[in-house]
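The values are calculated or read from the model by the stated rules, or taken from the named source; none is laboratory data. On a predicted model such as this, the values are computed, not experimentally measured, just so you know. Quick reminder, even Gly has a Cβ in these numbers, built from the backbone with ideal geometry, and neighbours come from all protein chains shown. Heads up: the accessible areas ignore ligands, DNA and RNA and are worked out on the full protein's heavy atoms, side chains in. Shrake-Rupley method; radii C 1.70, N 1.55, O 1.52, S 1.80 Å.
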Amino acid sequence: MPESDLQAYCILCRTGAEQEVKQKVESFMTGIEAIVPSRVIEEKKDRQWRKVERPLLPGYVFLYSASDLPHDLIWKIGHLYRILQYERGLRGLQGEDRDYAFWLYRHQGQIKPSTVLEEGGTIRVIDGPLLDATGKITRLDKRHRRAWVQFTFDGQTRTVSLSASCVEQM
């Protein structure tokens, strides 16, 4: 379904229960897609690089629906703490939060490694999820294949380590 037809929501749940909450939401409620955001990072173990999946935002599950969320969602699904909402009880994500939620949606909630190009002192993303990200790269570690990306969500500035291969301009 096109993003313009969907509303994005965010629920906070017990850390570690994200997949269980996702399954319950999708099985009990029709027309709602749930995403547990994760990051695929490259780690070196025994001199071998391997890809592992880790939580991107522990305790958060994003919901996408063409209609409003049911008001009894918290009581129907266990392990939920609250639904993120704004003033006047508005529960659909707005502004930067909405942009971030749909960035995750475009990548099916799984942020895979990106490729960055370093030209002099400038870093430019040339491939991968960071290409259309709303965050800012604050640090790059070529040796460990990591980029630290700073973004704002739920009114807080967060920094997340994501995998990024660095290509240098010759």
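Points worth noting:
- Selection within region 21-69: residues that are open to solvent by less than 40 Å² (accessible area, probe 1.4 Å) and over 14 Å from the mean Cα position of the chain (by Cα). The member of this set that is farthest from Leu84 (Cα to Cα) is Glu42.
- Listed by first and then second residue, the pairs linking a residue in region 57-74 that is polar (S, T, N, Q) to a residue that is surrounded by 13 or more Cβ atoms within 10 Å (Cβ to Cβ), with Cβ atoms under 8 Å apart and 6 or more places separating them unless they lie on different chains, are Ser65/Leu6; Ser65/Gln7; Ser65/Tyr9; Ser65/Ile32; Ser65/Glu33; Ser67/Gln7.
- Of all residues in region 118-170, those being more than 20 Å from the chain's Cα centre (by Cα) and of a type outside the set (D, E, K, R) number 9.
- Scanning region 79-97 for residues that are over 18 Å from Thr152 (Cβ atoms) and in contact (Cβ under 8 Å) with a residue 60 or more places away in the chain yields a count of 6.
- Scanning region 125-157 for residues that are charged (D, E, K, R), under 30 Å from Glu87 (Cα atoms) and free of Cβ contacts under 8 Å to residues at least 12 places away in the same chain yields nothing.
- None of Ile137, Ile111, Ile83 is of a type in the set (A, V, I, L, M) and farther than 28 Å from Glu20 by Cα except Ile137.
- Complete set of residues in region 27-50 that are under 18 Å from Thr15 (Cα atoms) and free of Cβ contacts under 8 Å to residues at least 60 places away in the same chain: Ala34
- Every pair of residues 6+ apart whose Cβ atoms lie under 6 Å, when the first sits in region 7-24 and is more than 11 Å from Pro55 (Cβ to Cβ) while the second is open to solvent by 30 Å² or more (accessible area, probe 1.4 Å) and in a helix (DSSP H, G or I): Ala8/Arg98
- Test: residue in region 142-163 that is in contact with a Leu (Cβ under 8 Å, 6 or more places away or on another chain), in a strand (DSSP E or B), over 23 Å from Trp49 (Cβ atoms) and open to solvent by 80 Å² or more (accessible area, probe 1.4 Å): no
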